[in-house]
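This report concerns only the one structure given below.
Read the figures in this text as sums done on the coordinates, not as results from a lab. Keep in mind that this is a model prediction, so the values were computed, not measured. Here Cβ is always computed from backbone atoms with ideal geometry, including for glycine, and neighbour counts include all displayed protein chains.
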Amino acid sequence: MEQQLPLSRTLFWLLLAFAATAVASIALQNILIWPTVLLFLGAHFKSRLKIQWPTGIFPWATVLFVLTFFLGAVVGINPANSYHTVHKYLTFLLIFPLGAMALNLQENRKLLLAFVYGAAFCAIYGISKHFFLHEDRIDSFSGDKMVFGGMLMVALLFLAFFLAENPRDWRHWLLLPLLGVALVLTETRGAWMGLVVGFVIWAWRVNKKWLLAGLLVVAVIPFFLPASLQQRVTSIGHIWVHYGPDGQIQSASNERIFIWDSGWRIIKDHPWGIGQGNMGDIFPKYYNPHATEWIIPHLHNNFLQILAQNGWIGLAAYLFWIGAYFVAALRFHRDRVDGRDLNWVLLCAFSAVLVWGLTEYTFSHQFMNVQFFLLGLQVGLWRPRSVL
């Protein structure tokens, strides 16, 4: 058994507060995460215990992947500008071992439940703005509707875990429509698709009857939506592109197609990457005159954005990171019984985020604080049984 870290209970309560407020805003995240990090480091210094960096291929793949952001910044088009933003990726490497502390299964459940209830509170806030302030696409207190959609997607998958664990808990059944309605009202289609994929994986593993019921709900819901939302649902599969005689895109079903085309041309000119924080400066040079958006913060696709920022080395590290994750997570599923369902729902959430990342850049500061923390929790599950 590992030696108990001093102040571990205080650390847990700070982590619980972080999980409960993570959906609300990046400001609250920073207010809670940095004192937690300092307390974590101070407790190790006081007790003279070494920080146990998680072992295995995935934690080291995480380090390699994060370092490519700094490599891209060094060789990019404006290193000085990159370092105004790239330092935040060090935060991920601090949050990661925090999540991987030797917490027991019950503590992990409490952290996920706190995240769900925090998401529900933000959902009430967003839905109230929709009906009373006539806000079409709702957001959380952070003001980012797309990040809010991704957070709700993950919260709904965690809620499915708790419902499967205790189907008779009526409180969780009340949260289901609340979080579901809020997710629909964010109009974040990538999060919608991510939820479907994550839920299919979850239901296939837990109960195939849930899979049938869930797919039936997904098929029926669009018929009860307003016309504007029905159109947004049907537009998911309505993809088309028209090219001009010069081979340039003249029109497309979605503005993101113009963005991806411009991003690919940036990648061809900068194979080593442009660096973090420089997309807004360089994008206008590759702007398609037929597009309507010429100033963007990112490329709305994880793979393209990482390739453009961090170069081909960064993309290779990202793919290696994804592969290492699934190898480790699936190996745990085969070898261990305790915590298996918790590991599986975290795998479903990771898979859902990958799908969401096909149409969004999910490595925003607010969401990735949460994801790296959740990945740390999962790596903690992979520790030997005696630690848990």
*Fewest Cβ neighbours within 10 Å first, please rank Thr85, Thr188 accordingly.*
Thr85, Thr188
*Could you give the semi-axes, largest first, of the ellipsoid that matches the chain, computed as the square roots of 5 times the alpha carbon gyration tensor eigenvalues and rounded to whole Å?*
33, 28, 19
*asked:* Helix-only mean residue ellipticity at 222 nm, the chain, DSSP H runs n ≥ 4 weighted -39,500 (n - 2.57), per residue, nearest 500. What is it?
replied: -22500 deg cm²/dmol
*State whether the range 15-93 is rounded, prolate or oblate according to the following rule on the C-alpha gyration tensor (a ≥ b ≥ c being the square roots of its eigenvalues): a/c under 1.5 gives rounded; otherwise a/b larger than b/c gives prolate, and the remaining case gives oblate.*
oblate
*What number in nm² do you get for the range 249-388 if you take the convex hull of its Cα atoms and divide its surface by four?*
9.6
*Rank these for me by crowding, Leu38, Leu319, going from fewest to most other beta carbons within 10 Å.*
Leu38, Leu319
*What's the percent breakdown of Cα-Cα distances in the range 305-381 across 5 Å bins, shortest bin first?*
3, 13, 23, 26, 18, 10, 5, 2, 0
*Out of residues 5 or more away from Asn254 or on other chains, whose amide H comes under 5 Å of its own, with H placed 1.01 Å from N in the peptide plane?*
Trp240
*How large is the convex hull of the Cα atoms of the range 120-234 per residue, expressed in Å³ as a whole number?*
100
_Quotient of Cα Rg and 2.2 N^0.38 Å for the range 44-191, N being how many residues it contains_ = 1.33
*Exposed trypsin sites (Lys or Arg not before Pro) absent - longest run of the chain, DSSP non-H/G/I/E/B, at most 16 other C-beta within 10 Å*: 169-335
_Can you compute 3J(HN,Hα) from phi for each residue in the range 56-66, using the Karplus curve 6.51 cos²θ - 1.76 cosθ + 1.60 with θ = phi - 60°, rounded to whole Hz and x for Gly and Pro?_
x, 5, 5, x, 6, 5, 5, 4, 4, 5, 5
_Ranked Asp139, Asp169, criterion: other C-beta atoms within 10 Å, fewest first_ = Asp169, Asp139
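Based on the Cα coordinates of the range 277-322, what is the per residue volume of their convex hull in Å³?
76
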*Candidate lysines for bridging to Lys208, where Cα separation is under 28 Å - those fewer than 8 sequence places away on the same chain excluded*: Lys110
*Place +1 on the Cβ of every Lys and Arg and -1 on the Cβ of every Asp and Glu in the range 234-313, take the dipole about the Cα centre, and give the residue among Leu307, Ser262, Met279 whose Cα lies farthest towards its positive end.*
Leu307
*Report the one residue of Trp192, Phe363, Val327 whose Cα lies farthest in the direction of the positive end of the charge dipole of the chain (charges on C-beta: Lys and Arg +1, Asp and Glu -1; origin at the Cα centre).*
Val327
_Extension gain from Lys46 to Leu358, taking 0.36 nm per residue of separation minus the Cα-Cα distance_ = 107.9 nm
*What is the log10 of I(q)/I(0) for the range 199-250, computed with the Debye formula using one identical point scatterer on each Cα and no solvent, at q = 0.19, 0.22, 0.26, 0.32 Å⁻¹?*
-0.76, -0.84, -0.94, -1.05
